[in-house]
Amino acid sequence: MKFVDEFRDPQKARALIAQINKLAESIQAQHSRPLQLMEFCGGHTHTIFRYGIEPMLPEWIELIHGPGCPVCVLPMGRVDDCVALAERPDVIFTTFGDAMRVPGSKKSLLQAKAEGADIRMVYSPLDALQLARQNPGRQVIFFALGFETTMPSTALTVLQAEREGIENFSLFCNHITTVPTIKAILDSPDMKIDGFLAPGHVSMVVGEQPFQFVSQAYQKPIVITGFEPLDILHSIWMLLKQISEQRCQVENQYARIVPPNGNEAGLKVIEQVFEIREFFEWRGLGSIDHSGVRMREAYAGFDAEQKFQIPNLKIADPKSCQCGEVLKGVIRPWECKVFAGSCTPETPMGALMVSSEGACAAYYNFGNIPELLSKRQAVEKES
């Protein structure tokens, strides 16, 4: 396969859906409840909604949207820390665009920029490093966030800054890890997940091995999945095939991109620059042990948390915002009381409505809003 159209072929999609329906019929007789499959990655969630995949599936199969959106799980206190750093007069604060509109307790980075803070959107940490070269009299801070997918590029930028002796560059490190998060979901008493669509871009770095615990310790099938509609449908079929055959394995649907052992050079540079934090706070999920990374002591000169005074406060989300329940898959976005009302992409109350990978944004941008609100009203009347 060479062209993206081949991954969006309607004829192939119909063939996969027919096979999914056939497998679902054979499995349904053995289960007393709907089958719940979780796509961990927000990129998968947006593919599902953009191409209308969920309505194509049997009603008996439920897709649960996981917390694999690094902007979405950023706690409000960390946003406040970003604003505090950005408002320093000697700082140029750089960030990816998704993080600009995530609400803090008082303001977002976009609001801080409107009030005069020097905040600039960049496409990579190397862009931030270039700003440090061009502005030797200013401190340039890069807001480093993301799962293992983005860690290698951040780590390589730190090593480049060290080689060049650029001392006015640092990271505010908010990188997070995938495996402890999946484990936290599996350990949650609220969850009844029957299978996982594993994140393809994370797997491109870490490989297949880190997900073995899902099949071995928790007896759940898991399929590493690509991001095109046929990737999603094929992976759902693979999960159903495992369930029908009573197998629990890690399978790699995205083998055209994901090598079994991951990116060894990327893993090496991650290990060189970062170390695991004892715990890290997640929006809606609370503190998860060993789920974040910080910079090693050898690179303390590039660590904004050590170079600058940061408030580091823990701040709860607004009570009316149910991002936490959505992130854990306990409720769907449309079940949140403020969805498409006081919380919209223009006036977001939570990060899930802001990020390009957020589940709420996917429902809002690609869903039938009147129909979703009617469903919410029906659920509220029943309860």
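The values are calculated or read from the model by the stated rules, or taken from the named source; none is laboratory data. These numbers were taken from a predicted model, which means no experiment stands behind them. Here Cβ is always computed from backbone atoms with ideal geometry, including for glycine, and neighbour counts include all displayed protein chains.
Considering the stretch 283-309 alone, what residues qualify as being at pLDDT 90 or above, in a loop (DSSP other than H, G, I, E, B) and surrounded by 17 or more Cβ atoms within 10 Å (Cβ to Cβ)? Residues satisfying the conditions are Ser291, Phe308.
At least 2 residues that are closer than 12 Å to Ser170 by Cβ and free of Cβ contacts under 8 Å to residues at least 40 places away in the same chain in each: list the strands (runs of 3 or more DSSP E) lying fully within the stretch 88-149 that qualify.
none
Report, by residue number, each residue of the stretch 272-307 that is among the aromatic types (Phe, Trp, Tyr) and outside the structural domain of Glu167 (by TED's automatic domain parsing). Those that are among the aromatic types (Phe, Trp, Tyr) and outside the structural domain of Glu167 (by TED's automatic domain parsing): Phe274, Phe279, Phe280, Trp282.
Conditions tested, residue by residue: (1) in contact with a Phe, Trp or Tyr (Cβ under 8 Å, 6 or more places away or on another chain); (2) modelled with pLDDT under 95; (3) among the polar types (S, T, N, Q).
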position	(1), (2), (3)
Met151	yes, no, no
Arg163	no, no, no
His175	yes, no, no
Ser188	no, yes, yes
Met191	no, yes, no
Gly195	no, no, no
Val205	no, no, no
Glu208	no, no, no
Pro229	yes, no, no
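Of all the residues in the stretch 256-282, those that are over 30 Å from Gly77 (Cβ atoms) and loosely packed, with under 13 Cβ neighbours inside 10 Å number 6. In this entry, Ile369 passes the filter for residues that are without any contact (Cβ under 8 Å) to a residue 40 or more places away in the chain, more than 19 Å from the chain's Cα centre (by Cα) and not assigned by TED's automatic domain parsing to the domain that holds Phe147.
Scanning the stretch 81-96 for residues that are out of contact with any Lys or Arg (no Cβ under 7 Å at 6 or more places or on another chain) and not hydrophobic (A, V, I, L, M, F, W, C) gives Asp81, Glu87, Arg88, Pro89, Thr95.
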